[in-house]
Every structure is written in C-alpha cells, then in structure tokens.
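Q: My questions will all concern the structure given below.
The values are calculated or read from the model by the stated rules, or taken from the named source; none is laboratory data. Model, not experiment: these values are computed from the prediction. Please note: Cβ atoms are built from the backbone with ideal geometry, for glycine as well, and neighbour counts cover all protein chains shown. Keep in mind that these areas ignore ligands, DNA and RNA; they rest on the heavy atoms of the full protein, side chains included. Shrake-Rupley method; radii C 1.70, N 1.55, O 1.52, S 1.80 Å.
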Amino acid sequence: MMKSKMIIAGIGAALFLASCSKKETSENTNTLTDSATTAVQPVSADSITKATPTAAGDTSENALDWAGTYEAVVPCADCPGIKTSLTLNNDKTFSIKEEYLERNSKNEDKGTFVWDTTGSIITLKGKSASYKYKVGENTLFQLDMDGKEITGPNKDLYIFKKK
C-alpha cells in the first residue's frame with residue numbers, strides 16, 4: 001500500500017513538472033513569435049522623403065544610393081568645356097549648374113526628374129534642362145538626345161562622378 005502511494009505521488013510530481021515545463025516552452029514560443037513580429041514591423045520614416053519607385057525588382061532607382069551631387073566637365077563646341085554640377089534629391093527634384101570655361105557664362109536650372117520604365121534612366125525636366133542620364137553606382141552617364149549612350153573618343157567626358 002505504501003509502495004502504491006509512493007508511485008502515485010511520483011506520477012503526480014512528474015505530471016506537475018511536465019505541465020510546468022510545457023507552459024514555459026509555450027511562453028518562450030510566444031516570446032519568440034512576438035520578437036519576430038516586432039522585428040518585421042516597418043520602421044517609421046526618417047526626415048528624408050523618398051518617392052515611390054517606378055520599376056519592380058532591383059533597379060538603379062531602388063537599389064542604388066543615387067541621391068547626391070555629381071560633377072563633370074563635358075565637351076563644348078566653342079569653349080574648353082562646361083563644368084557641370086548636378087544634384088539629385090530623394091524627392092525626384094534636381095538642381096544643375098553649368099559654367100562655360102573661359103567664357104563669362106553660367107546657367108542654373110531646377111526642376112523635377114522622372115525615371116524610365118526600367119528604373120535605370122532619368123530625364124531632367126527643368127525650365128531649360130532636358131538631359132537624360134543612365135544611373136550607375138556613384139556615377140551618371142549622360143545620354144544623347146535620343147537617350148542612347150554617347151560613343152566615340154570623348155565618351156568618358158560625359159561620365160559624372162558623385163562627390
């Protein structure tokens with residue numbers, strides 16, 4: 001009789017311990033689930049506003065850090081070159097400054113730009129500026145009026161480097 005009471009007490013203790021450890025496992029699982037859910041929550045927007053990308057997948061528009069100032073000295077028909085500084089902003093606005101070397105002539109413009117459907121080429125839309133650029137890693141490649149890459153011996157002069 002004493003032996004059966006001991007067995008019953010042992011089974012009761014085992015059941016009690018099993019129910020406690022099962023509850024801890026359940027609580028740990030909930031904690032992990034809550035942590036994972038919290039980690040996936042969207043982060044609040046910072047002070048920099050980004051426009052919605054136009055193309056799906058990895059493109060220059062959504063995979064590169066394209067916002068910033070780019071500079072180049074592009075060829076000029078009747079002067080040594082045009083020192084150009086182009087600033088692209090996250091909200092799809094731009095400002096451009098062009099200084100004709102060895103001439104007392106400067107041009108400044110501001111406006112917006114649009115991405116093409118591939119998300120790799122931008123077109124400036126300002127008062128006078130209507131240039132097209134292919135966007136690369138810390139680089140802009142100025143395109144011709146038809147949106148094609150410039151070829152020939154001076155093609156490297158149309159590459160803008162990010163400051």
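Q: Cβ-Cβ below 6 Å, separation at least six or inter-chain, first residue in segment 89-118 and on the phi > 0 side of the Ramachandran plot and without any contact (Cβ under 8 Å) to a residue 40 or more places away in the chain, second open to solvent by 70 Å² or more (accessible area, probe 1.4 Å) and in a loop (DSSP other than H, G, I, E, B): which pairs?
A: Hits for this filter: Glu102/Pro80.
Q: Take segment 122-147 and flag every residue that is assigned to a loop (DSSP other than H, G, I, E, B) and among the aliphatic types (A, V, I, L, M).
A: Within segment 122-147, Ala129, Met145 qualify.
Q: While we're looking at this one, here's another question. Quickly run through segment 72-109 and pick out the residues that are in a strand (DSSP E or B), surrounded by 15 or more Cβ atoms within 10 Å (Cβ to Cβ) and among the charged types (D, E, K, R).
A: Hits for segment 72-109 are Lys83, Lys97, Glu98, Glu99, Asp109.
Q: From the set of residues in segment 124-148 that are polar (S, T, N, Q) and open to solvent by 30 Å² or more (accessible area, probe 1.4 Å), which is farthest from the chain's Cα centre (by Cα)?
A: So the residue we want is Ser128.
Q: Give the number of residues within segment 108-145 that are under 16 Å from Ile82 (Cβ atoms) and among the hydroxyl-bearing types (Ser, Thr, Tyr).
A: 4
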